[in-house]
Amino acid sequence: MDIATGRNFLRSNWEKRSEIISDQQKNIPQPPLEKSFDEGSKLYDLISPDEIDLGNVPLKKVIEKRKSRRKFKNVPLTIEELSFLLWAIQGVKEIVKNGYATFRTVPSAGARHPLETYLAVYNVEDLPKGLYRYLPLEHKLLLIEQVENLTEKIIDACMGQRFAGECAVTFIWTAIPYRTEWRYSILSHKVILLDAGHVCQNLYLASEAINCGTCAIAAYDQQKMDELLGVDGYDELTIYVAPVGKI
C-alpha cells in the first residue's frame, strides 16, 4: 500500500453508501453480539459496576494526569479494579431490540461493537496467571488457557517491548470485522479502527482513576499475536494492545 492509498482510507467515503447493498439490507441475519463459549468453560465472576467504589475522582484531575506510562510497580490489581477497567472499556448498559444491539460505555458505529477484549493476566488478585477473554454480556471472564511462558510470549509478540509483559495485565483487542461489515460493507474498516480508539482512551482514563497507567501499542507482530490468541487473522484479528499496571 502506498501513501496515497493510505490517505484515501482516512477519507469519509460515506457518499458511496447509496451504491452499496449491505448484508443487513439483504435481510441476512446479523452476527452474534459476542463470541460463543463452551458450556463448562471456566468463568470468573467480576464485580458489578454498581458495587464498585472508587471514591470521588474528579474527571478533570483524571484527564490532567493522563499520559502514556511504560513503567509499573510490581503490585497486583484487585479483582474490583480489573472489573472497573473492563466495564469502562466495554461495559454493557442496555441490550436493545431483543438482542439486536447493545448500548455500552463507549461509542461504536451503528452500535455494532466489533471488538473482543482479551487479557494476558500476570498479577491480579484471585486470578490465575493466564489468557482470558472478557464476556461483556455476562460481565464475566472466560479462562482460555494458562499459557506457559506467557509473559515472554507477549513481549515477543510486541516486538521486544518489555513493558508489555512487565505489568499486571495486558489488554489485547481483536476485531471481528463482519459485525460491522454486516451493516456498512466496505465502509466498515475505518470506523472499526475509530472504535478501537474510543475503547483505548477509556482505558487510559479509567486506569488513571485507580492509580494505574497504560500505554497503547500498535507495533506488534500480527501473526504472533493472532496465533497466541488462537484467532485466524482474517475473520478475527488483533488490532490494538495496552499493558496496565500500578504506578
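What follows draws every value from the coordinates through simple rules; no lab data is involved. Keep in mind that this is a model prediction, so the values were computed, not measured. Every residue, glycine among them, receives a Cβ derived from its backbone with ideal geometry; neighbour counts consider all protein chains shown.
Things worth noting here:
- FRET efficiency, 1/(1 + (r/R0)^6) with R0 35 Å, evaluated for D126 and R162 via beta carbons: 0.85
- Label-to-label distance, nm, for residues given as Q30 and Y100 (7 Å Cα→Cβ offset): 0.7 nm
- Residue range of the chain that is longest and free of GluC sites (Glu not before Pro) which are both DSSP loop and sparsely packed (at most 13 other C-beta within 10 Å): 149-247
- Computed across the range 130-185, the Kirkwood hydrodynamic radius from all distinct Cα-Cα pairs reaches 13.4 Å.
- Put simply, the convex hull of the Cα atoms in the range 15-107 casts, on average, a shadow of 11.4 nm².
- Pairwise label distance in nanometres, S48 with K73, each label 7 Å out on the Cα-Cβ vector: 3.1 nm
- Translational diffusion of the chain was estimated from the Stokes-Einstein equation, with Rh taken as the Kirkwood radius over Cα pairs; at 37 °C and 0.692 mPa s the coefficient is 174 µm²/s.
- Spin-label model, K224 to N13: label points 7 Å out along the Cα-to-beta-carbon direction sit 3.1 nm apart.
- Choice from L54, L131, L77 showing the highest fluctuation, given a GNM over the chain with Cα pairs closer than 10 Å: L54
- Backbone N under 20 Å from the A111 label point (7 Å along Cα→Cβ), restricted to the range 33-67: 33-35
- Using C-alpha pairs below 8 Å separated by at least 6 residues, the relative contact order for the chain is 26 percent.
- Gaussian network model of the chain, Cα within-10 Å springs - most flexible of A168, A157, A206: A157
- For the range 77-136, the fraction of C-alpha pairs more than 19 angstrom apart is 36%.
- Kirkwood Rh (inverse of mean 1/r, distinct Cα pairs), the range 159-247, angstrom: 14.0 Å
- Relative contact order, whole percent, for the range 121-166 stands at 25, derived from Cα pairs under 8 Å and 6 or more residues apart.
- Residue list for the range 192-227, given a label point 7 angstrom along the Cα-to-Cβ vector of L59 and an amide N cut-off under 18 Å: 198-210
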